[in-house]
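Some notes on the structure that comes next.
The values are calculated or read from the model by the stated rules, or taken from the named source; none is laboratory data. Predicted model only: the values in this text are computed from it and were never measured. Quick reminder, even Gly has a Cβ in these numbers, built from the backbone with ideal geometry, and neighbours come from all protein chains shown.
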Amino acid sequence: MTMQKAVEKAAVMIKKHDYARVVSHYDADGITSAGIICNALLREGIQFHTTIVSKLERSFIQGLDEELIIFCDMGTAQLDLISEYLKEKEVIIIDHHRVPLSLNSASSNELVSSPPPSFAHINPCLSNSEHEGEIAGEVCAAVLSYLVARRLSNDGKGNIDLAGLAVVGTLGDKLQMDTGTNKRILDEAIKEGVISFEKGLKLGDGKIRDLILFSTDPYIPLAGKVEGVDTFLKKVGIEGDKELSDFEEEEERRLTAALLLLSRESATGISEDALVGTTYILNSEVVRNGIDFMRLVDACGRFGKAGIGIGLCLRDEKQKKEATSLHMKFQGKLVSELNRIESGEGIIKELPNIFYFYMHERGITGVLAGIVSDYLYTAKPVIALNKKNRAEEGKRAETKISARCNKKLLSVSEAEGEGKGEGIDLAKAMEKASNEVGGYGGGHPVASGASIPEGSEEKFIAALDRIVGEQKGKES
């Protein structure tokens, strides 16, 4: 089934029901993906119950009893379980994750078995839709949900105002906005006045002192250092309480040059592109700065308060205050860990093919691994292990793991591979290594996760280092 037909089938299925269960992932892409669907359902007069989860477990899938179930930003990896327990239901899977090794044929990313006929599976990674050219470039789940929402509307302009949420999901997954399907959606939304854009520092909105003090992505080496920030601003001649949006052009240029010089002197891997570029203004949303919206919903999800994030997506202004508070708490944890990594000897451990370290804080593992791989330890994939998750009653204790790879490193691997399938792929590496120790994992080539039994960490790390080495064509 082509992508277009899968989207059309999903829209037809939705219109048949007056109630839907929406299940989605807890990060920015997952929450905005669900938010788009919830908005579209509301406008169709369809009631819904939304659940945001970190993973899809057998017991959860087994307990779903609604006639229409919509999975956002997940579901492909669990297709066998979903097919087993929900084959009598109408199920829509809106996902952009690659098919796990355990489910795909040996020669492609194609599913070994087809889902039941009552399912609509929207995933551009499936090989039977790649050649159609309907989805160009890498897209997130929120973009796919937006395509479904657009198809649901009866007139040509219906639900186009939800494009801002698709942009937020794309920013959350760090995908390019200026190519392929993402650009087509963006251009249309700009033409309709839904989105506008500005050029400048990509720090979000607020007082410049606070923005620098909590700037972790882009990572400014003054993050968390109060005296350092004040000294820096005084030297540059900028008032710390001034809103970034109020800066004169010359003032912002002077600040940008000073920040780039600071980064070069501290040997952080921040590029001008990471610090300066396009900020998307979401003219229909309660949080208008796209970067800020992404950070708020992401923090909500990671602190188990995804309902607040969904509220923001449904344009509930009252949710902004608590979401902002959660974001500040989240940034505080990130800054604490980054300062620990920068100041402590031996925290980051190095093996031939990976860097790895153990977390102190909970709930920030993937985000921190991404910052470390993008700005601090860029030469190899970075693996963050978090043993802080307590075992739930009746379940084994697990260690959560996030793996991130600098995209420049990935492009080098792809070039070396010359199309032969060589090069770093963290999704495959994490799946293989976790399987070796009785866990599970997967995701994207540059960003992947795993859960493994507590006590198997060192064995897992050794396996992962070996597998990444094999991917790079090195001797293990």
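Pairs only if they're at least six apart or on different chains, beta carbon under 6 angstrom, first in the range 182-199 and under 13 Å from Leu147 (Cβ atoms), second among the polar types (S, T, N, Q); list them, first residue then second. If the second residue must be among the polar types (S, T, N, Q), the pairs left are Asn182/Thr170. Got at least one residue in the range 14-30 being part of a loop (DSSP other than H, G, I, E, B) and within 21 Å of Leu126 (Cα to Cα)? No, the range 14-30 contains no residue that is part of a loop (DSSP other than H, G, I, E, B) and within 21 Å of Leu126 (Cα to Cα).
Can you say whether Asp65 is crowded, with 23+ Cβ neighbours inside 10 Å and charged (D, E, K, R), as far as the supplied structure shows?
Against the criterion (crowded, with 23+ Cβ neighbours inside 10 Å and charged (D, E, K, R)), Asp65 does not qualify.
Here Tyr375 passes the criteria (1) more than 19 Å from the chain's Cα centre (by Cα); (2) among the hydroxyl-bearing types (Ser, Thr, Tyr); (3) assigned by TED's automatic domain parsing to the domain that holds Pro445 except the one numbered (1).
If you go through the range 199-210 one residue at a time, do you hit one that is within 19 Å of Arg295 (Cβ to Cβ), aliphatic (A, V, I, L, M) and assigned to a loop (DSSP other than H, G, I, E, B)? Yes, because at least one residue in the range 199-210 is within 19 Å of Arg295 (Cβ to Cβ), aliphatic (A, V, I, L, M) and assigned to a loop (DSSP other than H, G, I, E, B). When the residues of the range 424-476 are filtered to those that are of a type in the set (S, T, N, Q) and in a strand (DSSP E or B), the one that is surrounded by the fewest Cβ atoms within 10 Å (Cβ to Cβ) is Ser451.
Just so you know, in the range 268-286 the residues that are in contact with a Phe, Trp or Tyr (Cβ under 9 Å, 6 or more places away or on another chain) and outside any loop (DSSP other than H, G, I, E, B) include one that is surrounded by the most Cβ atoms within 10 Å (Cβ to Cβ), and it is Tyr280. Condition test on Ser343, is it surrounded by fewer than 22 Cβ atoms within 10 Å (Cβ to Cβ) and of a type in the set (S, T, N, Q)? When the stated conditions are applied, Ser343 passes them. Kindly establish whether Ile37 is surrounded by 16 or more Cβ atoms within 10 Å (Cβ to Cβ), touching a residue at least 24 places away in the same chain (Cβ under 8 Å) and either among the charged types (D, E, K, R) or not in a helix (DSSP H, G or I) (or both). Considered against the rule, which asks whether it is surrounded by 16 or more Cβ atoms within 10 Å (Cβ to Cβ), touching a residue at least 24 places away in the same chain (Cβ under 8 Å) and either among the charged types (D, E, K, R) or not in a helix (DSSP H, G or I) (or both), Ile37 comes out as no. Taken over the range 51-90, the residue count meeting the criterion of being part of a loop (DSSP other than H, G, I, E, B) and aliphatic (A, V, I, L, M) is 4.
Listed by first and then second residue, the pairs linking a residue in the range 435-458 that is within 24 Å of Glu138 (Cβ to Cβ) and without any contact (Cβ under 8 Å) to a residue 60 or more places away in the chain to a residue that is aromatic (Phe, Trp, Tyr) and outside any strand (DSSP E or B), with Cβ atoms under 8 Å apart and 6 or more places separating them unless they lie on different chains, are Ala450/Phe460.
For Ala6, the criteria (1) at pLDDT 95 or above; (2) farther than 20 Å from Gly169 by Cα; (3) in contact with a strand residue (DSSP E or B) (Cβ under 7 Å, 6 or more places away or on another chain) hold in every case but one, which is (1).
Of Thr231, Thr170, all but one fail to be surrounded by fewer than 15 Cβ atoms within 10 Å (Cβ to Cβ) and either on the phi > 0 side of the Ramachandran plot or assigned to a helix (DSSP H, G or I) (or both); the exception is Thr231. Comparison of Leu165, Leu147 shows that the only residue that is of a type in the set (A, V, I, L, M), surrounded by 20 or more Cβ atoms within 10 Å (Cβ to Cβ) and over 16 Å from Tyr26 (Cα atoms) is Leu147.
When residues in the range 190-199 are screened for being in contact with a Phe, Trp or Tyr (Cβ under 9 Å, 6 or more places away or on another chain) and buried (at least 17 other Cβ atoms within 10 Å of the Cβ), 1 of them pass. Being of a type in the set (Gly, Ala, Ser) and surrounded by fewer than 24 Cβ atoms within 10 Å (Cβ to Cβ) is the filter here; which residues of the range 287-305 pass it? Passing the criteria: only Gly304.
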